[in-house]
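Each remark here refers to the structure printed beneath this line.
The numbers here are math on the coordinates, done by the rules we state, and not lab data. Only a predicted model underlies this, so the values are computations on that prediction, with no experimental measurement involved. Note that each Cβ is placed from the backbone with ideal geometry, even for glycine, and that neighbours are counted across all protein chains shown.
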Amino acid sequence: MPQEAEEFSLPTSLDIVQQATCGEHGHPLSTAMQTDWAIQLDLIDVFAAPRGTLIELQQSAPSKRCHDWLQGIIDTRSMVAAVTGVPF
């Protein structure tokens with residue numbers, strides 16, 4: 001006897017808000033608020049800071065989500081540098 005296929009549905013806006021409030025799907029840096037790491041991050045401009053500064057912050061990130069967020073910034077800066085020729 002064939003099994004019925006599960007129906008696929010996208011989450012509603014209320015579902016997304018509920019997931020965000022539980023912190024699991026919120027902003028990656030929300031878990032680092034009020035930490036020394038977040039204070040250091042606030043003191044720099046991630047879009048102007050030298051690569052070494054960003055890598056140091058990334059290596060000391062308090063969570064994998066913070067690490068991955070900063071990796072996204074580094075990747076973006078690297079792509080912009082490749083396209084524009086402005087060193088990063």
Roughly what would the spin-label model give for LEU43 and SER63, points 7 Å off Cα along C-beta, in nm? 2.3
For region 57-69, just list the computed ³J(HN,Hα) in residue order, Karplus coefficients 6.51, -1.76 and 1.60, θ = phi - 60°, integers in Hz, with x standing in for Gly and Pro. 5, 4, 5, 9, 4, x, 8, 5, 5, 5, 4, 5, 4
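Pulled fully out, how much extra length does the chain show between GLU6 and HIS27, if you take 0.36 nm times their separation in residues and subtract their Cα-Cα distance? Present the calculation step by step, with values, prior to reporting the outcome.
Values: separation 21, 0.36 × 21 = 7.56 nm, distance 3.03 nm.
That works out to 4.5 nm of additional length.
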Relative contact order for region 28-84: what is it in percent, counting Cα pairs under 8 Å that are at least 6 residues apart? 41
Taking the Cα-to-Cβ direction at ASP36 and at THR53 and moving 7 Å from each Cα, how far apart do the two end points lie in nm? 1.9
